[in-house]
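Working notes, beginning with the structure itself.
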Amino acid sequence: MTRAVGDPAVFTSLVEQFSPVLHGYFVRRAPGAADDLLSEAWLQAFVARRTFDASRGSARGWLFGVARNVLAGHIRRARRVATTAEPAEVDPWQAVDQRLDAAALAPELRRALADLPAEERELLLLVSWEQLTPTEAAAAVGIPAGTARSRLHRARGRLRARLSPERHLTLTPATPARMDRKESA
């Protein structure tokens, strides 16, 4: 799909294929702005489509990188508005409670996620929520795949250590069959 991403006609198939997962990414992080953020992400991806390099990863990972940058810009703008207006809490994780199966675990999990370094948290959420492979998540974050796998391992270990041992939380991708043997870490 190297050449295909640059081809406007084929780009339409990417929009059809990845809009639902990118929309879910935005809904979980900025529910009130998800539709606008999705539109902005597709606009930026279309403009930058010729910069896609298949040797650096899949189109899916590249698109999540674009989405991540759009979300970061949105959060920065929201913080600027919040500092110029009345102080209001900007919490990109407010949708976490809605996505948990066990309501009793939500406060503990929220604290544990907040305590993770930002890049480890983002990698963990890209793999767990968005079901990206570690290699795709690495491309989205802009780091080498091996670094992503080690940070992902470290993040999972930190969460396991923080959460009560009697509770069980799946911190691995829901579809491990998608991952190749190298990415199982």
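The values are calculated or read from the model by the stated rules, or taken from the named source; none is laboratory data. These numbers were taken from a predicted model, which means no experiment stands behind them. Reconstructed Cβ throughout: ideal geometry from the backbone, glycine too, with neighbour counts over all protein chains shown. For the accessible areas, the whole protein counts, side chains as well, though only heavy atoms, and no ligand, DNA or RNA atoms are used. Shrake-Rupley method; radii C 1.70, N 1.55, O 1.52, S 1.80 Å.
Points to keep in mind about this one:
- Positions within the range 129-142 being open to solvent by 30 Å² or more (accessible area, probe 1.4 Å) and either closer than 16 Å to P117 by Cβ or part of a helix (DSSP H, G or I) (or both), in sequence order: T135, A139, G142
- Qualifying residue in the range 29-49 (condition: outside the structural domain of P134 (by the TED database), under 20 Å from A148 (Cβ atoms), out of contact with any Phe, Trp or Tyr (no Cβ under 7 Å at 6 or more places or on another chain) and open to solvent by 40 Å² or more (accessible area, probe 1.4 Å)): no
- Selection within the range 104-120 - open to solvent by 40 Å² or more (accessible area, probe 1.4 Å) and either modelled with pLDDT under 80 or assigned to a helix (DSSP H, G or I) (or both): A104, P107, R110, R111, A114, D115, A118, E119
- Sole residue being at pLDDT below 65 and open to solvent by 90 Å² or more (accessible area, probe 1.4 Å), chosen from D97, D91, D101: D101
- Set side by side, the residues A45, A82 differ, and just one is at pLDDT 85 or above and among the aliphatic types (A, V, I, L, M), which is A45.
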